[in-house]
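These notes concern the structure reproduced below.
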Amino acid sequence: MRYERPQGHTISLYLRGGEGTRRLGRQMASGRPGAVCVLPQGHSSEWEISDTFEFVHLYLPDAEARRYFAEAFDRDARLMVLPEATFSEQPRLALAMERLAGAVRSGESLAAEEAMGEALGLCLSAGVGARPCLKGGLAPHLRRRVADHVEAGLEDALRLDDLADAAGLSAFHFQRMFRESFGVSPHSYVRRRRVERARHLLAGAGAIADIAFACGFTSQSHLTRVFKAETGLTPACYRAAAKA
């Protein structure tokens, strides 16, 4: 398999297998679980694949990557450098990519956006030497505005950009200032608020499937999985215990 100056940047993490994958022209370059590849736009590479593997592959259009770089690091987008890496050990980047894969599998779009931003930030910070240093959280009126925005949109698929817009910030800066203010990530906060609304609605007689959709979950099974993780009980058991 050959890539000849493809458009866009790619970040990949091998989740399972990969030992049968080699990048030709690189000594001792073969895949393995946990190995990371970062391939900037315009690179050329040739690969030999002799076994099955599972990996998560993040594709980033160049314009989107440069916009993120300019917002996150307050630098001219033309100065962006994405260092190339082949089967490298980058534990923090690997963890972010694992979270991305898990969020996509479970349908957690907000968690996926957070993980994608973390992965991209880690890759780009390698090209500028250090991550930006951000201090302080959201102003009180912005905290209230964001919290109100979350409550009003719990039944919808809230996106990181939507929450950042409510605060008048870029997604990169919002994510870090939100954590400073609320003590958790936006995804964790939204998830807890959805569970709290579900607890309130379970006191009534509504069908659990309807409650799931009213709280922004994609299905009853999605609600059950998240609700049990947060409370230790399934929605049905929680309802029964509350009525006992």
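The values are calculated or read from the model by the stated rules, or taken from the named source; none is laboratory data. None of the values given here were measured: they were computed from a predicted structure. Because the Cβ atoms are built from the backbone with ideal geometry, glycine has one as well, and the counts that use them run over all protein chains shown.
Annotation: of all residues in the stretch 194-244 being basic (Lys, Arg) and without any contact (Cβ under 8 Å) to a residue 40 or more places away in the chain, the one that is surrounded by the fewest Cβ atoms within 10 Å (Cβ to Cβ) is Lys243.
The set of residues from the stretch 49-71 being among the small types (Gly, Ala, Ser) and under 16 Å from the mean Cα position of the chain (by Cα) comprises just one member, Ala65.
Condition first: at pLDDT 85 or above and in a loop (DSSP other than H, G, I, E, B). Now tell me which residues in the stretch 25-43 satisfy that. Passing the criteria: Gly31, Arg32, Pro33, Gly34, Ala35, Pro40, Gln41, Gly42, His43.
Within the stretch 113-134, does at least one residue satisfy the condition of being acidic (Asp, Glu), in a helix (DSSP H, G or I) and either modelled with pLDDT under 90 or under 12 Å from Ala72 (Cβ atoms) (or both)?
Yes, the stretch 113-134 has at least one match.
Ala94: buried (at least 17 other Cβ atoms within 10 Å of the Cβ) and either modelled with pLDDT of 90 or more or assigned to a strand (DSSP E or B) (or both), yes or no? Step through it out loud before you land on a result.
Values: buried (at least 17 other Cβ atoms within 10 Å of the Cβ): yes; either modelled with pLDDT of 90 or more or assigned to a strand (DSSP E or B) (or both): yes.
Taking the combined requirement at face value, the residue satisfies it.
Kindly indicate whether Arg143 is out of contact with any Leu (no Cβ under 6 Å at 6 or more places or on another chain), in a helix (DSSP H, G or I) and without any contact (Cβ under 8 Å) to a residue 60 or more places away in the chain. Yes.
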